[in-house]
Structures are given as C-alpha cells and as structure tokens.
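Notes for the one structure printed next.
The values are calculated or read from the model by the stated rules, or taken from the named source; none is laboratory data. The structure presented is a predicted model; accordingly, all values stated were derived computationally and were not measured. Methodologically, a virtual Cβ is constructed for each residue, glycine included, from the backbone with ideal geometry; neighbour enumeration extends over all protein chains shown. Remember, those area values only see protein heavy atoms, side chains included, never the ligands or the DNA or RNA. Shrake-Rupley method; radii C 1.70, N 1.55, O 1.52, S 1.80 Å.
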Amino acid sequence: MRLLAAALAVFATTTLAEEVTTYQLDNGMDVVVIEDHRAPVVVHMLWYRAGSADEPVGSSGVAHYLEHLLFKATENVESGEFQRIVAENGGSDNAFTSYDYTGYFQRVAADRLPLMMQYEADRMNNLVLTEEDIVTERGVILEERNQRTENSPGALAREQMRAAQFLNHRYGVPIIGWKHEMETLDMEDALSFYDIYYSPNNAILVVAGDVQPDEVLALAQEHYGPLPVETNLPERFRTQEPPQTAERRLIFEDPRVAQPYISRSYIAPERNESAQEDAAALTYLAELLGGSPFTSALGIALQFDTNTAVYAGAYYDGLNLDDGTFGMTVVPAEGVTLQDAENAMDAAVAAFLKDGIDPVRMEALRTQLKAGEIYARDNVGGLARRYGAALTSGLTVEDVQAWPDVLQAVTAEDVLAAAERVLDRDHSVTGWIVPSREILQ
C-alpha cells in the first residue's frame with residue numbers, strides 16, 4: 001500500500017489527460033493524435049463505426065468476415081503484402097471486430113508511419129476479392145466459430161444468455177455470427193458492407209506515440225484526404241429493446257460443463273456523452289459486489305463466511321453505443337445446489353443494499369481505480385484503443401479525458417442508487433449452466 005501511495009504522489013502534480021489533438025479532414029474522416037514521446041514508436045489505428053450490431057438482418061457475422069477479407073489483395077498490392085511489409089519493418093499488426101466497431105492497427109517505428117497510412121488508405125477504397133477468397137475465408141471464420149464457440153459450453157451459454165437478454169437489439173446476435181447465417185455469406189454480402197461502411201466519413205484515425213500533430217495531419221491529408229465521401233452512409237439506427245417487465249430464466253445443458261454454475265445479467269446503462277456518472281457508479285458496484293474475493297460482498301459472504309461457492313464475481317459492460325449489461329456469476333461449492341447458491345447470492349446482494357458500503361473499502365477502491373487510470377497511460381497501444389473504442393461508441397475526447405475525474409467523484413450513495421435501479425429481477429436473465437438436468441432433480 002505504501003508503494004501505491006508513493007506512486008500516486010509522484011503523479012499528484014500531473015494531469016491524467018493526455019496530449020490529444022483532433023482534426024477532421026474535408027471528406028469527414030476524424031483524426032485523433034495522442035502524443036507520447038518516451039519511445040520512437042507509433043501505433044496507427046483505423047476504426048470504423050461499424051460492428052456486428054450494424055449488420056443487415058440475416059447476414060450475421062459479415063462485419064467480422066469482412067475484417068478477415070481486408071487482408072486480401074487490393075488494386076495496388078498482393079494478398080498478404082501489407083502484413084509482410086509491417087513484419088519486415090519490425091512491426092506488428094492485427095484487427096478486431098466488436099458490436100459497435102471494427103478496427104485495424106499497426107505498431108511500428110515512428111518513421112514508418114507514412115508507409116502504414118499508405119497501405120491502410122489503399123485497402124479502405126481498393127479492396128479486390130476473388131471467389132476463392134470468399135470461400136477460403138468463410139471456411140476460416142466457421143472454423144474460428146467451431147474452436148471458440150462450438151467447442152466451449154461457456155461460450156454457447158453466453159450466446160443464449162445474450163439472446164434472451166436482447167430480444168430486439170442486435171446485441172443479442174453474436175459478433176462472430178450465427179453459424180447457419182455465416183454459412184451463406186457471399187461476395188455480395190461482404191462488398192455491400194464494405195462499400196457503405198468502409199468510407200472516410202465513417203472512420204476515425206487514431207495515431208499514438210512519438211509524433212507531432214501537424215505532421216500526422218499532413219500525412220492524413222496526403223493519404224486519406226483524397227478518398228471519396230460515402231454519400232449514402234445511413235444514420236446509425238438500431239432497433240431498441242422494449243421495456244423488460246418479467247424475469248427471464250434458462251437452463252443450458254451440455255455434458256462438457258465441468259462445474260455447474262449460475263450466471264445472471266441485467267440491462268444496464270452505457271457510458272453516455274457528457275453523462276458518465278451512472279457508468280462510473282456501476283464500475284464501483286462491480287468491484288464492490290464481485291471484485292476481489294477477500295473484499296467484495298459476494299466473495300466474503302459466499303466464499304468465506306458460508307463456504308457456499310468456490311467462485312463469485314461481478315462485471316459491468318458499459319462501453320457500448322447502446323445499453324450494456326451488469327452481471328454476476330456464482331460457482332457453487334461441492335454439495336451446494338444451484339438453487340441454494342442462487343438464494344445465497346440474492347441474500348448477499350440484499351444485505352449489501354441494506355447495510356451500505358464500508359467507507360474504508362470505498363476509499364481503497366477509489367485509490368485503486370485512480371492508480372489503474374495512471375498506469376494505463378504507460379501503454380501507447382492501450383491509449384489508442386481507449387480513445388478509438390470510446391469515440392466509435394458515441395463518446396468524445398472530452399468524455400475520455402473526464403472519465404478519471406468522474407470516477408473519483410463517485411460516492412457510496414451514488415453506487416447504492418445505481419444498484420437499486422439496475423438490480424431489478426424483472427430486468428434480468430438468470431441461467432443455470434449444467435452438464436445434465438439430472439443434477440436438478
């Protein structure tokens with residue numbers, strides 16, 4: 001604890017806000033530059049405001065499918081050439097797809113930034129696909145689903161939980177896609193998504209590292225500036241959830257489940273532009289209820305005081321364009337039924353709401369979160385990702401920089417009020433994940 005206090009003291013006179021400069025090109029592309037001159041390294045990230053929740057109905061998985069296809073040929077380079085150039089220049093690269101965004105990044109020496117922009121701008125506008133590409137990568141994503149989802153009972157259970165939680169919103173559809181729809185993805189699906197969403201006016205360029213903002217702007221204007229605007233870019237509209245008025249429950253049975261467990265999730269508000277207070281309170285709530293087993297309400301009550309569970313945890317998923325989830329998981333101890341474990345979980349939550357929050361624990365958590373925000377600045381890739389994920393989820397640079405102060409302003413009363421609003425059983429989905437229903441008899 002002394003080391004943590006000393007580290008915080010060192011940073012006491014240093015603002016948590018990074019040196020961030022923003023621009024917008026004439027074609028609508030946003031540019032964010034985060035200066036970090038401690039090493040001659042740069043992270044170049046291109047984010048698209050298009051994820052799995054933006055996919056057409058019936059084409060689930062196309063956002064992730066297109067992410068794979070973007071590593072193929074363009075009108076100017078051969079398939080795989082971009083990745084070879086990155087590697088030959090001592091760098092690394094990858095891509096990722098989420099509900100609200102798709103991102104591509106390279107980490108290279110700072111003087112290689114122009115090369116990264118040249119290649120990334122090229123594949124934004126000049127992708128060339130063959131039928132062989134379509135068939136090959138469709139097989140790749142199906143195998144990825146087999147490995148990560150079909151072979152994991154926990155992943156399959158989470159799919160069913162989200163499908164039950166989000167009846168009308170696209171967050172109920174897995175990012176990788178439903179298998180039967182993935183099997184039908186074709187050239188038209190991929191190119192129609194690409195043509196609309198992979199456009200400069202739907203993209204955010206985030207450059208972090210040993211760079212000067214004016215130089216980044218000049219490079220962005222040179223490489224991305226000439227790309228044409230997509231005039232038919234649709235408004236980012238998602239079907240919203242109707243009010244949930246009844247608790248939802250499911251039993252997921254899979255013989256590969258090694259240990260039965262309980263999972264419960266609630267609809268919870270996301271971080272909103274200029275209104276992040278609820279999200280900050282829920283961040284505390286997740287730690288207070290299910291963070292460390294030695295200090296959290298669920299951990300102490302279930303794992304230590306009563307030996308009801310071998311694990312108890314909580315989480316908050318709030319960095320989304322639309323509502324996220326707050327959840328809890330309990331793995332019963334040997335000899336404890338799922339019903340008894342669920343009853344104990346509910347009793348622990350009720351006691352937490354009734355008894356209030358220990359001020360000492362609240363302050364310790366406040367210090368812990370502050371330290372986490374400070375140490376997060378040491379990773380230039382993490383900084384770039386923090387801004388890109390926030391901006392593609394509806395937040396602003398100002399929101400990202402205000403977040404540490406918003407966290408520090410949270411009170412115990414704020415946390416309890418958020419808990420009362422969110423932890424409503426009528427807004428929940430509870431899953432029992434079991435190897436066989438026979439254990440329930």
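For (1) of a type in the set (A, V, I, L, M); (2) farther than 13 Å from residue 273 by Cα; (3) open to solvent by less than 10 Å² (accessible area, probe 1.4 Å), each residue gets a yes or a no:
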residue: 380; (1), (2), (3): yes, yes, no
residue: 386; (1), (2), (3): no, yes, no
residue: 393; (1), (2), (3): no, no, yes
residue: 397; (1), (2), (3): yes, no, no
residue: 405; (1), (2), (3): no, yes, no
residue: 409; (1), (2), (3): yes, yes, no
residue: 413; (1), (2), (3): no, yes, no
residue: 419; (1), (2), (3): yes, yes, yes
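Can you name the helices (runs of 4 or more DSSP H) wholly within the stretch 141-204 that have at least 2 residues being closer than 28 Å to residue 436 by Cβ, open to solvent by 20 Å² or more (accessible area, probe 1.4 Å) and among the hydrophobic types (A, V, I, L, M, F, W, C)?
Values: elements: 153-165, 179-182, 187-197.
Answer list for the stretch 141-204: 153-165.
Which of the numbered conditions does residue 124 fail, given that it passes all the others? Conditions: (1) on the phi < 0 side of the Ramachandran plot; (2) loosely packed, with under 14 Cβ neighbours inside 10 Å; (3) not charged (D, E, K, R).
(2)
Can you pull out the residues in the stretch 227-258 that are exposed (fewer than 13 other Cβ atoms within 10 Å of the Cβ), closer than 30 Å to residue 34 by Cα and in contact (Cβ under 8 Å) with a residue 40 or more places away in the chain?
228
Looking at residue 262, is it under 24 Å from residue 436 (Cα atoms), in a strand (DSSP E or B) and of a type in the set (A, V, I, L, M)?
Working: under 24 Å from residue 436 (Cα atoms): yes; in a strand (DSSP E or B): yes; of a type in the set (A, V, I, L, M): yes.
Answer is yes for this residue.
For the stretch 300-313, enumerate the residues that are open to solvent by 40 Å² or more (accessible area, probe 1.4 Å) and part of a strand (DSSP E or B).
Here is the first cut: in the stretch 300-313, the residues open to solvent by 40 Å² or more (accessible area, probe 1.4 Å) are 300, 304-307, 310-311.
Listed by number, the residues that qualify are 310, 311.
Looking at 400, 429 in this structure, which one is in contact with a Lys or Arg (Cβ under 8 Å, 6 or more places away or on another chain), not in a helix (DSSP H, G or I) and not acidic (Asp, Glu)?
Details: 400 fails: not in a helix (DSSP H, G or I).
Within the list 400, 429, the selection yields 429.
Looking at the stretch 314-343, which of the residues that are among the charged types (D, E, K, R), without any contact (Cβ under 8 Å) to a residue 60 or more places away in the chain and more than 21 Å from residue 420 (Cβ to Cβ) is least open to solvent (accessible area, probe 1.4 Å)?
Initial filter on the stretch 314-343 (among the charged types (D, E, K, R)): 317, 322-323, 334, 340, 342.
Pick out the ones that are also without any contact (Cβ under 8 Å) to a residue 60 or more places away in the chain and you get 317, 334, 340.
From the residues that got through so far, the ones that are more than 21 Å from residue 420 (Cβ to Cβ) too are 334, 340.
Numbers: 334: 184, 340: 85 Å².
Across the stretch 314-343, the extreme among qualifying residues is 340.
So, in the stretch 314-373, exactly how many residues are within 29 Å of the chain's Cα centre (by Cα) and assigned to a helix (DSSP H, G or I)?
20
From the list 297, 309, 333, which one is at pLDDT 95 or above and either of a type in the set (Asp, Glu) or under 19 Å from residue 285 (Cα atoms) (or both)? Explain how you work it out, then say what you get.
Details: 309 fails: either of a type in the set (Asp, Glu) or under 19 Å from residue 285 (Cα atoms) (or both); 333 fails: either of a type in the set (Asp, Glu) or under 19 Å from residue 285 (Cα atoms) (or both).
After ruling out the rest, the residue left standing is 297.
Residue 295 - would you say it is open to solvent by 20 Å² or more (accessible area, probe 1.4 Å) and part of a helix (DSSP H, G or I)? Spell out the reasoning first.
Values: open to solvent by 20 Å² or more (accessible area, probe 1.4 Å): yes; part of a helix (DSSP H, G or I): no.
So residue 295 fails the test.
In the stretch 421-441, how many residues are of a type in the set (Gly, Ala, Ser) and surrounded by 14 or more Cβ atoms within 10 Å (Cβ to Cβ)? Walk me through how you get there before you give the answer.
First pass over the stretch 421-441, keeping only residues of a type in the set (Gly, Ala, Ser): 428, 431, 436.
Going one step further and asking which of them are surrounded by 14 or more Cβ atoms within 10 Å (Cβ to Cβ), we end up with 428, 431.
The total comes to 2.
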